[in-house]
């Protein structure tokens, strides 16, 4: 059985960074676990009507098992239940797997942020998904 839990864990940040993020009322991180093993996580920030996906990751050996889609769908479900209208995110131009996941989940590209990623100077593609029925 795979459990979805809201809890503090140390990926991708240090424990101190993660605890500081959890202190913000509009931040949440969800992990998909098999027992004590973390399979995937998603971190988000939200306002009353908008959810921003900050990070979504799946452990490498589990990537082809649908856990990325499962945790994304769980986040979208929670956002709909909370009455949010849209979801947005940035993704690296070269991250073809993430782009395919988001497109197949109803996201569409609405813009580009030039040189958004400071580590590589890569552009970020901005994607949006409407949550209205």
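The values are calculated or read from the model by the stated rules, or taken from the named source; none is laboratory data. Remember, it's a predicted structure, so these values are computed and weren't measured experimentally. Don't worry about glycine lacking a Cβ; one is built from the backbone with ideal geometry, like all the others, and counts go over all protein chains shown.
Points to keep in mind about this one:
- Unmet requirement for residue 110, which otherwise passes all of (1) surrounded by 11 or more Cβ atoms within 10 Å (Cβ to Cβ); (2) modelled with pLDDT of 85 or more; (3) out of contact with any helix residue (DSSP H, G or I) (no Cβ under 7 Å at 6 or more places or on another chain): (1)
- Annotation for region 92-100: at least one member residue is over 15 Å from the mean Cα position of the chain (by Cα) and part of a helix (DSSP H, G or I).
- Unique match (being outside any loop (DSSP other than H, G, I, E, B), under 23 Å from residue 125 (Cβ atoms), within 11 Å of the chain's Cα centre (by Cα) and modelled with pLDDT of 85 or more) among 79, 57: 57
- Only a single item in (1) at pLDDT 85 or above; (2) surrounded by fewer than 17 Cβ atoms within 10 Å (Cβ to Cβ); (3) over 12 Å from the mean Cα position of the chain (by Cα) is not met by residue 119, and it is number (1).
- Flag if residue 128 is in a strand (DSSP E or B), in contact (Cβ under 8 Å) with a residue 24 or more places away in the chain and either touching a helix residue (DSSP H, G or I) at 6+ places or on another chain (Cβ under 6 Å) or surrounded by fewer than 18 Cβ atoms within 10 Å (Cβ to Cβ) (or both): yes
- Top-ranked residue in region 88-97 [being surrounded by 14 or more Cβ atoms within 10 Å (Cβ to Cβ) and in contact with a helix residue (DSSP H, G or I) (Cβ under 8 Å, 6 or more places away or on another chain); ranked as farthest from residue 26 (Cα to Cα)]: 92
- Taking the criterion of being surrounded by fewer than 16 Cβ atoms within 10 Å (Cβ to Cβ) and either touching a helix residue (DSSP H, G or I) at 6+ places or on another chain (Cβ under 6 Å) or touching a residue at least 40 places away in the same chain (Cβ under 8 Å) (or both), the residues of region 71-87 that qualify are 74, 80, 85, 86.
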